[in-house]
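To keep things clear, I will list the structure first and then write my remarks on it.
The values are calculated or read from the model by the stated rules, or taken from the named source; none is laboratory data. On a predicted model such as this, the values are computed, not experimentally measured, just so you know. Virtual Cβ from ideal backbone geometry, glycine too; neighbours counted across all protein chains shown. SASA here: full protein model, heavy atoms, side chains in, ligands and nucleic acids out. Shrake-Rupley method; radii C 1.70, N 1.55, O 1.52, S 1.80 Å.
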Amino acid sequence: MRAVVFAAEGELTVAERPDPVPGPREVVIETAAVGMCGTDVHVLDGEFEGTVFPLVPGHEATGTVVALGPGADTGANALAVGDHVAVNPSSTCGECDLCLTGRQNLCRDWDGMGVVVADGAAQQRFTAPVANTFRLRPGTDLFEAALIEPLACAIHGWDVLPRRMGDHVLVYGSGTMGLLMAQLAPRAGAASVTIVDVNPDRLVTAAEVGIEHRYASAGDADRAEWDVVIDCTGNIAAIEDGLPRVKAGGVFQHFGVAPAGATARYSPFRIYRDEVSVVGTMAVLNSFGRAVEMFEAGAIRARPMISHGFTLDDYGEAVRMFRAGQGRKLQIRPNEVASRALLP
Ligand SMILES: [Zn+2]
Ligand SMILES: [Zn+2]
């Protein structure tokens, strides 16, 4: 079986590996698709806190169950060979103060498959605990469903946003996360959704998934202030542009990942005077199962969001394209024989 292996910081290889054997309450999954995101590139570059090399990357995965470990066919989430599944990559210690107060996404001993210690899904087959494995309907597209993991992050993002029916929402960044947050906004009660991105190609994707108000700059928009402003870029200039556009009583959310050492300027007086809230959101908290249900209910238009499928051997090319900002969501499809562009 073949696998992408990050042998060390900056060292990307494709290696032959023994077939995985499932432990108790684990399953083996034949990988259909693995989404690539900025986290993978940070892991490769040694910029993700806690990564232990060598590591197989890949945390946005779907596939088909091909083997069951002892006990995997029992219990509330009993699985069977042939089940189509999406996998929640997070595992938590269950023992620290944060786990014990319902904040497992902030666990002090957090592990993410393909990110920290456990191997990820950029290989032909991988193991996952039954507890992390979510069954999909037989008709659900396994390639599109690789967006369920980022969708679970977006749902947690909405979970922690104080908001009301009829809010006007502004999203910075028309990449995968911005497109997901914007598509969920009407479901969260928004009266309008505006998306901004400096890259006109990305605004084309926003149009294709149905976001009505799209601008290269928020200054060009048809309104001057929004109840909810969500940064999905991590870009300091975008953050400094967005925070002053929050309406009095409104909220600004940091969803995008800014560089760990970066700082942004804002007016403390304005935060005080206008009761502006600033909230963060980190990964997935009890939102994966809801992401499966929202995805299968058609809450997002997935097809226009995915531009390329790559074989394991072309993982390096996918990284190059990602760094260059080319394409839309890039996927690794470990059991396909050729890489290809998916959109006309
Ligand atoms: Zn990701
Ligand atoms: Zn913990």
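Rounded to the nearest 20 debye, the dipole magnitude of the chain is 700 debye, with +1 charges on Lys and Arg beta carbons, -1 on Asp and Glu beta carbons, and the Cα centre as origin. The stretch 70-147 and the stretch 158-212 have Cα centres separated by 27 Å. Given their separation in residues at 0.36 nm each and the Cα-Cα distance between them, Ile236 and Asp159 gain 25.3 nm when the chain is fully extended. Between Asp109 and Tyr266, the simple label model (points 7 Å from Cα in the Cβ direction) yields a spacing of 3.4 nm. Charged neighbours of Glu240, selected by a Cβ distance under 12 Å, balance to 0 (K, R count +1; D, E count -1). Placing pseudo-labels 7 Å out from each Cα toward the beta carbon at Asp97 and Phe53 gives an inter-label distance of 3.4 nm.
For the listed peptides 174-182, 130-138, a ranking on the average number of other beta carbons within 10 Å per residue, highest first, reads 174-182, 130-138.
Each Lys and Arg Cβ is given +1 and each Asp and Glu Cβ -1; about its Cα centre, the stretch 190-344 then shows a dipole of about 140 debye. Using Cβ point charges alone (K and R +1, D and E -1), the dipole size of the stretch 1-75 about the Cα centre works out to roughly 280 debye.
Within the chain, DSSP assigns beta bridges of which about 60% are antiparallel (rounded to the nearest 5).
Sparsely packed loop sites in the stretch 219-305 (the trypsin sites (Lys or Arg not before Pro) outside DSSP H, G, I, E and B with at most 10 other Cβ atoms within 10 Å) comprise Arg265.
Highest mean packing comes first when the peptides 95-105, 191-201 are listed by Cβ atoms within 10 Å, giving 191-201, 95-105.
With R₀ fixed at 22 Å, the C-beta to C-beta distance from Arg17 to Val41 puts the FRET efficiency at about 0.50. Note on the stretch 1-122: with neighbouring protein chains present and a 1.4 Å probe, carbon and sulfur make up 52 percent of its accessible heavy-atom surface. Shown here: the chain, whose C-alpha atoms stretch 59, 46, 39 Å along the first, second and third principal axes, sorted largest to smallest.
Between Ser307 and Ala324, the simple label model (points 7 Å from Cα in the Cβ direction) yields a spacing of 1.0 nm.
Note down the relative contact order for the chain as a percent, whole number, built from C-alpha pairs under 8 angstrom at least six residues apart. Relative contact order here is 17 percent. Farthest towards the positive end of the charge dipole of the chain, among the residues Phe126, His213, Thr13, is the Cα of His213, using unit charges on the Cβ of Lys, Arg, Asp and Glu. Helices in the chain, meaning DSSP H runs of at least 4 residues, each add -39500 (n - 2.57). Divided by all residues, the mean residue ellipticity at 222 nm is -5500 deg cm²/dmol.
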